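Structure record follows, encoded as structure tokens.
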Amino acid sequence: MATLAVVVALALSACGKSVTSGGGSAAPSSGTPAEKMYQQLNGLPADQQRAKAIEEAKKEGSLELYTSLTDELVAPVKSGFEKQFGVKVNVFRAASETVLQRALQEASANRTGNDAIETNFTEMGVLGKQGVLADYRGSAYASVPESFRFQGWLADRLNIMLPAWNTKLIKPGQEPRGWEDLADPRFKGKLTMELSDSDWYENVTKYWLRTGKSQAQVDDLWKRIVANANVAKGHTVMAELLGAGQTAVDAMNYSYITQNTADKGAPVAFRSADGIAHTPGFARPQGVSMMKGAKHPAAAWLFNDWMLNEGQKLLVSLGLTPSVKVPGDKSLDGVTLQPYDVAGLVADTKTWDDGYDRLLRGRQQIGGD
């Protein structure tokens, strides 16, 4: 599994430059045309910002967006924005690591190719630390909870980490009701873990330590969980296997993927029969921001503003969990959340990537390559 640290190193070494926030040769200065536009829009009264952004974005004519949203999610986001504002959106969609690598390479060469970016928190965290992201301070900023505001970016959606199970294979009352339950012998050979879920590993580990378990107890739990499990690559693949009855329990999947699978008629769930997810979840933030070197800064600002306003309602309609409270959103009903450790993972992904790789070494992979 390629770590985020490796991706960053490759991206920077490819250009032979260092992207820093300290004013190095590759970092955009505070006086770039894009930053001046952002400052202008951010400084307007709240009731004037959107109108000015629309006016300027229409002059620019288009928006270059880099994102790791899946194809089925990108299409309605693109069409929704275009339909509302008449500004064409050109999308580069790829895995989050690829999005990061491309953005870093271009920024390092002073050839920023995108105006806005929407991707995973780890990649957003790296870009924020490198100083290539610009701050949005539109009217929607205040509606984003403080815990979802980060250096250079804001969370626009949340991936909720919870166990999932096939309701035909796991009887009511036998489903996992805590992360510790995954170590129970009753799940021997029935459990599936995802190959890249090192951030889940980190968050559960710290949760257990925070709630009184010793390191030895935590290590033993993980050893027993892995002994119960096979591994698969990709959360969508896991959900498909679960829905088809080829597996019985996903140690962790994102609740929106489980729910979307259930909505298609599959016998899967992440809540018990009483409507409660008894295992505490972790809300992994996915973020949106603007590039300091954007060629279409007004469109980038407008996209951020839209994603944190109308876009939030669209995300709910697509089965996702918004970062902002949206009337009618039921994605968190019955769910209790524990803090998600953004700072710890942005500071040190390699330790947890390496530890998770070691943990899963030798486990049988199912569901394809």
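For the reader, a short list of remarks on this structure follows.
- Residue-span extension gain [Glu72 to Glu55] - 0.36 nm each, minus C-alpha spacing: 3.2 nm
- Estimated from helices alone, the mean residue ellipticity of the chain at 222 nm is -13000 deg cm²/dmol (sum of -39500 (n - 2.57) over DSSP H runs with n ≥ 4, per residue).
- Residues listed by number, segment 111-133, amide nitrogen under 12 Å from Ala95 label point at 7 Å toward C-beta: none
- Within the shell defined by Cβ-Cβ distances under 15 Å, the residues around Gln40 carry a net charge of 0, with Lys and Arg each +1 and Asp and Glu each -1.
- Cα gyration tensor shape for segment 94-188, rounded if a/c is under 1.5, else prolate or oblate: prolate
- Where labels lie 7 Å past Cα in the beta-carbon direction, separation of Lys213 and Arg149 in nm: 3.4 nm
- Carbon + sulfur, % of accessible area of the chain - ligands and nucleic acids excluded, 1.4 Å: 51 percent
- Peptides 36-49, 93-106 ordered by packing proxy, namely the average of other Cβ atoms within 10 Å per residue, highest first: 93-106, 36-49.
- Modelled this way, with points 7 Å down the Cα-to-C-beta line, the labels at Lys233 and Arg363 are 1.5 nm from one another.
- The order of the peptides 346-354, 193-201 by mean Cβ neighbours within 10 Å, most packed first, is 193-201, 346-354.
- Estimated FRET transfer efficiency when R0 is 22 angstrom, pair Ala142-Ala343 (beta carbons, to 0.05): 0.50
- Sites Val326 and Gln40, calculated FRET efficiency, Cβ-Cβ separation with R0 25 Å, nearest 0.05: 0.30
- Extending 7 Å from Cα along the Cβ direction at Ala109 and again at Thr351 yields two label points whose distance is 3.5 nm.
- Per residue value of the accessible surface for the chain (all protein chains in place, 1.4 Å probe), Å²: 42 Å²
- Spatial separation of Cα centroids for segment 276-324 and segment 45-108, in angstrom: 12 Å
- Given charges at beta-carbon only (K, R positive; D, E negative), |dipole| of segment 217-369 in Debye: 180 debye
The values are calculated or read from the model by the stated rules, or taken from the named source; none is laboratory data. This one's a predicted model, so the numbers in the text were calculated from it and none came from an experiment. Here the Cβ is made from the backbone with ideal geometry for all residues, glycine too, and neighbour counts use every protein chain on show. With ligands, DNA and RNA removed, areas are computed over all heavy atoms of the protein, side chains included. Shrake-Rupley method; radii C 1.70, N 1.55, O 1.52, S 1.80 Å.
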